[in-house]
Structure formats: C-alpha cells, structure tokens
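Input: a single structure, listed below in structure tokens.
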C-alpha cells in the first residue's frame with residue numbers, strides 16, 4: 001500500500017472521473033480521509049466472499065472481477081469493474097456488513113480503500129454524489145438484465161454482447177480493445193457456459209479476422225461483425 005502522499009497523488013488522478021465532477025480536490029480528500037491506495041497484483045484478491053466489510057472504495061486503475069462461489073465450488077462472475085467504478089459502497093449502511101462477493105484483480109490494479117466509518121459520517125452529506133453512485137449501480141444492473149434477456153440466445157450472441165460491454169477505444173487506434181486481461185474461462189464463467197464452447201466461438205472469430213487475441217488483450221477488428229452476432233437468432 002502507498003503512503004499518505006501516494007493517496008494524495010492518487011486522488012489527483014481520481015478527481016478527473018466524471019462521477020466526481022463538481023467536487024474540488026479538497027472535497028475528495030475529505031471524503032477519502034484515512035483511505036489507502038491498495039495496489040493489487042494480477043489475480044490477487046482484494047477481499048473474499050464472507051469477509052467482514054469494514055471498507056469500500058473505487059477502482060483507480062486496472063480492473064477487478066466480482067464473483068461469487070456456488071455450492072458446487074464453481075465461480076460465477078457477476079461483474080467486471082473498471083476505473084471509476086465503486087465496490088461495496090451500498091452495503092456500508094448495513095449493520096455488520098459482509099462482502100457478498102469476491103474481488104480479484106485482473107492485471108496490476110489500484111483501488112482506493114476508504115473506511116466504512118467515513119462513508120457513514122461524510123458521504124451521507126453528499127446526496128448528489130450518492131445519486132451518481134446509484135446511477136453506476138443502475139447501469140451495472142441494466143447490463144446484467146440485458147444478459148438475462150439473452151438467456152435463450154445463441155452463445156455467440158452472448159459472447160458478442162459481453163465483449164461489446166467491456167470495450168474501450170484507445171486513442172489514435174482504429175481497433176477496439178478490451179480494457180482488461182480477460183480469459184476465455186472468465187468469459188465462460190460470466191455467461192454460465194463451458195469454456196470449450198467459448199474457445200470454439202472465439203477461435204472461429206479469430207480465423208475470420210473478426211477479433212485478435214493474445215495472453216493479455218482482445219482486439220475487435222470488425223465491430224460490425226460482432227454487432228451482427230449480437231442480433232443472431
């Protein structure tokens with residue numbers, strides 16, 4: 001974890017996130033007092049399902065996958081968080097909250113960790129900010145509902161939808177690049193599908209020049225083809 005100086009530097013980055021528009025850097029420092037910058041290595045867990053939830057926070061850089069274990073010991077991926085996303089904020093008001101999910105870093109990632117007490121004393125006085133956070137949560141729920149609507153669609157349509165949801169367009173590039181190092185197994189776990197089926201679909205797309213994959217990135221070379229897959233029946 002970084003020092004207090006590291007936190008101030010990190011907050012100077014974070015103030016650029018749209019959710020903090022209208023706040024000054026001093027405002028944000030007050031909202032994040034006693035906070036820490038957590039630097040997570042690839043696949044390192046930020047917290048685990050069932051741990052006492054004595055803090056919340058937001059992603060500064062990188063990404064974290066939020067997952068939940070099944071009774072059979074498998075993993076269901078609920079959401080992928082990226083910079084500006086909040087984690088665990090809305091369970092802070094619960095008495096003795098516990099984390100309902102496991103958060104695991106995808107690549108080297110940074111997280112601003114804020115004590116629960118600060119949420120209870122400071123964040124409640126920022127209704128505009130809470131409203132924006134609720135908007136982020138609503139967007140997340142909307143994405144989950146969209147995948148639910150696709151439940152009976154072909155798996156290729158579900159994979160295409162997930163890739164489009166995760167896309168980021170880097171500056172000065174024509175290709176669309178996913179902003180996190182996601183594996184085929186993680187795609188399968190997100191969709192409740194077998195990894196073998198996801199591999200077959202993505203291998204076919206690679207051969208057709210629709211996508212380009214490596215150990216760390218997935219590039220969408222033909223977004224119109226991915227959009228066409230989303231509309232497949």
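None of the figures in this text is laboratory data; all of them are computed from the coordinates on show. Computed from a predicted structure; not experimentally measured. Glycine also receives a Cβ, built like all others from the backbone with ideal geometry; neighbour counts cover every protein chain displayed.
Brief remarks on what is shown
- Here the calculated FRET efficiency for residue 12 and residue 217, from their Cβ-Cβ distance with R0 = 25 Å, stands at 0.35, rounded to the nearest 0.05.
- Gain on full stretching of the segment that runs from residue 42 to residue 94 - 0.36 nm per residue minus C-alpha separation: 15.7 nm
- Relative contact order of the range 1-108, taken over Cα pairs closer than 8 Å and 6 or more residues apart, is 33 percent.
- Angle of helix 155-165 to the longest C-alpha principal axis of the chain, folded into 0 to 90 degrees and rounded to 10: 40°.
- Between residue 128 and residue 204, the FRET efficiency estimated from the beta carbon spacing at R0 = 45 angstrom works out to 0.45.
- Overall dimensions of the range 153-230 by Cα: Rg and Dmax, Å: 11.5, 36
- Distance in nm between pseudo-label sites at residue 224 and residue 33 (7 Å out along the Cβ direction from Cα): 5.7
- For the range 4-138, the Rg and Dmax computed from alpha carbons only, in angstrom: 14.4, 48
- For the chain, relative contact order (Cα pairs under 8 Å, six or more residues apart, normalised by length) works out to 18 percent.
- Rounded tilt (10° steps) of 4-14 against the dominant C-alpha axis of the chain: 50
- Difference of contour (0.36 nm per residue) and Cα-Cα distance, residue 151 to residue 185: 10.4 nm
- Of 214, 206, 156, the one that fluctuates the most in a GNM where the chain has Cα springs shorter than 10 Å: 214
- The residue 231 and residue 138 beta-carbon pair, evaluated with R₀ = 30 Å, returns a calculated FRET efficiency of approximately 0.75.
- When 204, 189, 54 are arranged by Cβ crowding within 10 Å, least crowded first, meaning fewest neighbours, the order is 204, 54, 189.
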